[in-house]
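So the structure is just underneath, and the comments pick up after that.
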């Protein structure tokens, strides 16, 4: 991965493989994630959530890729180990090839 080129297909590949450490390479140190129905998360908090989910068997399906070098977006379906599903869309702000901000809207089944 180049330090200043963002490749959404490679980010998708990291999600597909469930490789949390590889995923975190795409995020800037000052990364901030906002889920519309949750509090904001720092990179460390986001990494903990991702690693916890992946290690418990959560699978992410990423699709509807909208690539870009300053902004990008994708849709996702999160398959929970208990059979639950969460769907959503994420908008990414990118600087220097790294994600600095992610805003996510999602819905979960009960």
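The values are calculated or read from the model by the stated rules, or taken from the named source; none is laboratory data. The structure presented is a predicted model; accordingly, all values stated were derived computationally and were not measured. Heads up, the Cβs are rebuilt from the backbone with ideal geometry, glycines too, and the neighbour counts pull from every protein chain shown.
Side notes on the structure shown:
- Within region 14-45, the set of residues being free of Cβ contacts under 8 Å to residues at least 24 places away in the same chain and closer than 20 Å to residue 96 by Cα comprises 14, 21, 22, 29, 42, 43, 44.
One line per residue, one yes/no per condition, for (1) closer than 18 Å to residue 86 by Cβ; (2) at pLDDT below 95:
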| site | (1), (2) |
| --- | --- |
| 25 | no, yes |
| 32 | no, no |
| 54 | yes, yes |
| 62 | yes, no |
| 71 | no, no |
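- Number of residues in region 79-92 that are over 12 Å from the mean Cα position of the chain (by Cα) and part of a strand (DSSP E or B) equals 4.
Yes/no matrix, rows are residues, columns are (1) part of a strand (DSSP E or B); (2) surrounded by 14 or more Cβ atoms within 10 Å (Cβ to Cβ); (3) out of contact with any helix residue (DSSP H, G or I) (no Cβ under 8 Å at 6 or more places or on another chain):
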{"site": "11", "(1), (2), (3)": "no, yes, no"}
{"site": "22", "(1), (2), (3)": "no, yes, no"}
{"site": "30", "(1), (2), (3)": "yes, no, no"}
{"site": "34", "(1), (2), (3)": "yes, yes, yes"}
{"site": "45", "(1), (2), (3)": "no, yes, yes"}
{"site": "57", "(1), (2), (3)": "no, no, yes"}
{"site": "62", "(1), (2), (3)": "yes, yes, no"}
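- Annotation for region 81-89: no member residue is touching a helix residue (DSSP H, G or I) at 6+ places or on another chain (Cβ under 9 Å) and surrounded by 13 or more Cβ atoms within 10 Å (Cβ to Cβ).
- Considering (1) in contact with a strand residue (DSSP E or B) (Cβ under 9 Å, 6 or more places away or on another chain); (2) more than 19 Å from residue 17 (Cα to Cα), the lone condition that residue 83 does not fulfil carries the number (1).
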